[in-house]
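Have a look at the structure below, then the notes.
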Amino acid sequence: QHPCRARTCTPRHRASIACPDSSLFHSLDRIGAMGFAKRMLGGRISCDLEEFEEEEGMSVLLAALASLRMLGGKIAGFDLEEFGQHKLKRDSSVDRISGRVDKDIYYWEPKSLRIRAINWWHVFLAEYLTYVYNTAIAGAVLLILSQIWYGHFDLSRFRVLLGDPIVLEVICLVAVVMAYMSHWKPAVYCMENVVYTPPQEWQVSQKDLVDIISNLGCFSPDSLEFQKRILDSSGTGESTHWPPGILTMKDSAGVLDAGIASARDEAKEVIFTLVRDVLQRTGVRPTAIDILIINCSLFCPTPSLCALVCNEFCLRQDVRTYNLGGMGCSANVISVDLAKQLLQNQPGARALVISTENITQNMYKGNEKGMLLQNTLFRCGGCALLLSSRRVDALRAKYKLLYTFRCQLSDNDSYKCVYQEEDAEGNCGVSLSKDIVKVAGRAMRQNFVMLGPYVLPIREQAAVVFNQLAVRFVSLARRRHWPIVEHWEIPKGYTPDFGKSIDHFCIHAGGRAVIEGVKKNLGLSDRQVAPSVQTLYDWGNTSSSSIWYEMDWVERWAGLRRGERILQIAFGSGFKCNSAVWVALRVDVTKRRRPLKQDAAASPGASPGASLGAGSPEPPPQGLFGAAERRYLGPCGSSAGRRRRTGQAAHTSPARRSSEGSPSVLKHMS
């Protein structure tokens, strides 16, 4: 057994004894056992069945067993009355001469029976506490009514109090506060967030990736050239990571290890490292976890990844586990939203959320260009969050979850724009539809329609409303041929400036074109998309965990300060666009200016070819950012945060463009 199981998985109040034939229980009426049972409740007695029948103190132990049953104990697995039948079946399966035992599915040979004392306090809280409240309220009402009936209750004082307006105002205020608190849900806090840093042996360069793809020997020359072009323009750097099962193909004589065992080893390495790290940083024991949520889209083994974690870290038997699959790159926000719903309905609970993706079994080996993208963008990675709805945890939490918004398009084009299927040769892969640009634009627009009223300032919301009224008025006037507006043009749709209310943006690092499309659609600057660009360069597309690599980058290099808001935006198959808004409560100063990677290629400002937009792929002389952008990364924090603290006006005007247009998402890929 695991060392932790000997410590945590054995209940404190257990007695384990071996039981004889049930016919011996008839002698219990001659034994006074209550005094002895008190001595045995916290102990543990174990002996084999054959030895037990020879013990002289058999009747005493039987009396203790009977007393435990009387005090609420129960025997796990079977009743005592059935013990004689099991014993006869066991004896009939034993060869008396040779001693050989014929073990089959009916074979049963107990070593001991575990008698567990029922936790009556837990039963009272779960089942009977509500009845106590109802009974107390009914008793109080009946008492008051009886006093009124017999004239012992003086109503004159009550009438005087009701005639006082101050008392009435206090009563109304208390009623309103109680009504508000009855609908209030506890806040959800992020105690700690960690991201996975793969070992040095997993690191690959652009040349290594090309060699591995070539050594697979399953791609045509056109497919190889196409993947090289995609890799050159992908925005990924020279120190991303692939799992060991694929790295064996660095050598032309290597053999690809893409079996279930290798995939499970990759999952163990990533997930176990994350769990150990987050528990060590927070000082929380595994038994303190109430909810476990793991999302991994393309690797869903049996037993599940949640069962893998429960087995390794010995989580409680009543822990609630959820294993999410097939949710795409936006699954982390879905997991966080699920954890929020569960935590708010179970105040005082803690949830462990793990997001990862498995690369070992998801190499596409065909020649369909629509499926080759996954071979060049996706990399190993993962993140873990410890969420809590305990008020005491707010004192040491890093973030508070403000809002989560999920948009799920359900039409047929959206459903099949990112679709896992087999090509004509039977090779499994994920294909991208030509409609993905239009679908992503619609999903993002719908998500931000829900997000805007909660995060935008009143001035921006009023501008949106005024723009909509102007568009409708001019359109109606032109349809009715009013002479005044014949030469008026219909105003363009107004895109609000989210930078006035959001300090940092974490856009899913799905590729250069994904980041560029969101940047163009929201009117963001290069420094506002810097976390996404740098994460793509350092780690590649790590699927659902990419937004937390960006959050870690913000903590280290973007001058994050307490009270600043962070917006996470993620896209996923289905098609989904999900967003989450966090507010910083505590800043980990130990991360400031310290790179997560210790190699020079991963430091900020040293990202060759990571800048957005068209142009030469050669590295800029000053790295990714110019002088103005480097000043943004200083200790003064983001521009929106500075404006809120100093009261300065915004230095950029809101971007105005047609609301009917779609963002240029994945235009390079299409």
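The values are calculated or read from the model by the stated rules, or taken from the named source; none is laboratory data. Because the structure is a prediction, the values reported are computed rather than measured. Please note: Cβ atoms are built from the backbone with ideal geometry, for glycine as well, and neighbour counts cover all protein chains shown. Heads up: the accessible areas ignore ligands, DNA and RNA and are worked out on the full protein's heavy atoms, side chains in. Shrake-Rupley method; radii C 1.70, N 1.55, O 1.52, S 1.80 Å.
The table below gives the values:
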| item | result |
| --- | --- |
| Segment 443-457 residues that are without any contact (Cβ under 8 Å) to a residue 40 or more places away in the chain, paired with ones that are open to solvent by 20 Å² or more (accessible area, probe 1.4 Å) (beta carbon under 7 Å, 6 or more apart) | Pro453/Gln461 |
| Ala384 of a type in the set (A, V, I, L, M) and part of a helix (DSSP H, G or I) | no |
| Search result, residues across segment 244-278 that are among the hydrophobic types (A, V, I, L, M, F, W, C) and free of Cβ contacts under 8 Å to residues at least 60 places away in the same chain | Leu247, Met249, Ala253, Val255, Ala261, Phe272 |
| Unmet criterion (only one of (1) crowded, with 18+ Cβ neighbours inside 10 Å; (2) in a helix (DSSP H, G or I)) for Tyr364 | (2) |
| Per-region count, segment 507-540, residues free of Cβ contacts under 8 Å to residues at least 40 places away in the same chain, assigned to a loop (DSSP other than H, G, I, E, B) and open to solvent by less than 10 Å² (accessible area, probe 1.4 Å) | 0 |
| Gly499 being surrounded by 15 or more Cβ atoms within 10 Å (Cβ to Cβ) and on the phi > 0 side of the Ramachandran plot | no |
| Residue satisfying all of: in segment 200-222; of a type in the set (S, T, N, Q) and under 21 Å from Thr240 (Cβ atoms); surrounded by the fewest Cβ atoms within 10 Å (Cβ to Cβ) among these | Gln200 |
| Check on Leu338, open to solvent by 40 Å² or more (accessible area, probe 1.4 Å), among the hydrophobic types (A, V, I, L, M, F, W, C) and either in a helix (DSSP H, G or I) or touching a residue at least 12 places away in the same chain (Cβ under 8 Å) (or both) | yes |
| Residue match in segment 406-413 (condition: open to solvent by less than 80 Å² (accessible area, probe 1.4 Å) and either under 14 Å from Gly572 (Cβ atoms) or assigned to a strand (DSSP E or B) (or both)) | yes |
| Within segment 496-506, tally of residues that are in a loop (DSSP other than H, G, I, E, B), modelled with pLDDT under 95 and within 14 Å of Leu567 (Cα to Cα) | 2 |
| So Thr321, is it within 26 Å of Ala570 (Cα to Cα) and outside any helix (DSSP H, G or I) | yes |
| Test: residue in segment 477-488 that is open to solvent by less than 30 Å² (accessible area, probe 1.4 Å), assigned to a helix (DSSP H, G or I) and free of Cβ contacts under 8 Å to residues at least 24 places away in the same chain | yes |
| For Gln346: the one exception among (1) in a helix (DSSP H, G or I); (2) more than 22 Å from Asp208 (Cβ to Cβ) | (1) |
| Unmet criterion (only one of (1) within 24 Å of the chain's Cα centre (by Cα); (2) on the phi < 0 side of the Ramachandran plot) for Gly540 | (2) |
| Members of segment 223-232 found to be over 22 Å from Val533 (Cα atoms) and open to solvent by 50 Å² or more (accessible area, probe 1.4 Å), listed by number | Glu225 |
| Single match in Tyr180, Tyr196 (criterion: in contact (Cβ under 8 Å) with a residue 24 or more places away in the chain and among the aromatic types (Phe, Trp, Tyr)) | Tyr196 |
| Complete set of residues in segment 561-574 that are open to solvent by 10 Å² or more (accessible area, probe 1.4 Å) and farther than 16 Å from Ser546 by Cα | Arg561, Arg562, Gly563, Arg565, Gly574 |
| Index of the failed condition, Phe473 passing every other in (1) among the aromatic types (Phe, Trp, Tyr); (2) assigned to a helix (DSSP H, G or I); (3) under 22 Å from Gly523 (Cβ atoms) | (3) |
| Any hit, segment 179-192, residues being farther than 30 Å from Ile289 by Cα and more than 44 Å from the chain's Cα centre (by Cα) | no |
| Among the residues listed as Val333, Val319, the single one being touching a residue at least 24 places away in the same chain (Cβ under 8 Å) and surrounded by fewer than 24 Cβ atoms within 10 Å (Cβ to Cβ) | Val319 |
| Single residue of Cys310, Cys306 found to be without any contact (Cβ under 8 Å) to a residue 24 or more places away in the chain, out of contact with any Cys (no Cβ under 9 Å at 6 or more places or on another chain), open to solvent by less than 50 Å² (accessible area, probe 1.4 Å) and farther than 27 Å from Phe405 by Cα | Cys310 |
| Criterion: open to solvent by 10 Å² or more (accessible area, probe 1.4 Å), in contact (Cβ under 8 Å) with a residue 12 or more places away in the chain and part of a loop (DSSP other than H, G, I, E, B) - qualifying residue of Lys434, Lys438, Lys400 | Lys434 |
| Scope segment 446-459; condition buried (at least 19 other Cβ atoms within 10 Å of the Cβ) and more than 23 Å from the chain's Cα centre (by Cα); matching residues | Leu456 |
| Residue match in segment 197-206 (condition: assigned to a helix (DSSP H, G or I), modelled with pLDDT of 85 or more and within 30 Å of Ala580 (Cβ to Cβ)) | yes |
| Segment 378-397 - residue that is of a type in the set (Lys, Arg) and under 17 Å from Val284 (Cα atoms) and, of those, most open to solvent (accessible area, probe 1.4 Å) | Arg391 |
| Single residue of Gly254, Gly235, Gly245 found to be open to solvent by less than 40 Å² (accessible area, probe 1.4 Å), modelled with pLDDT under 95 and part of a helix (DSSP H, G or I) | Gly245 |
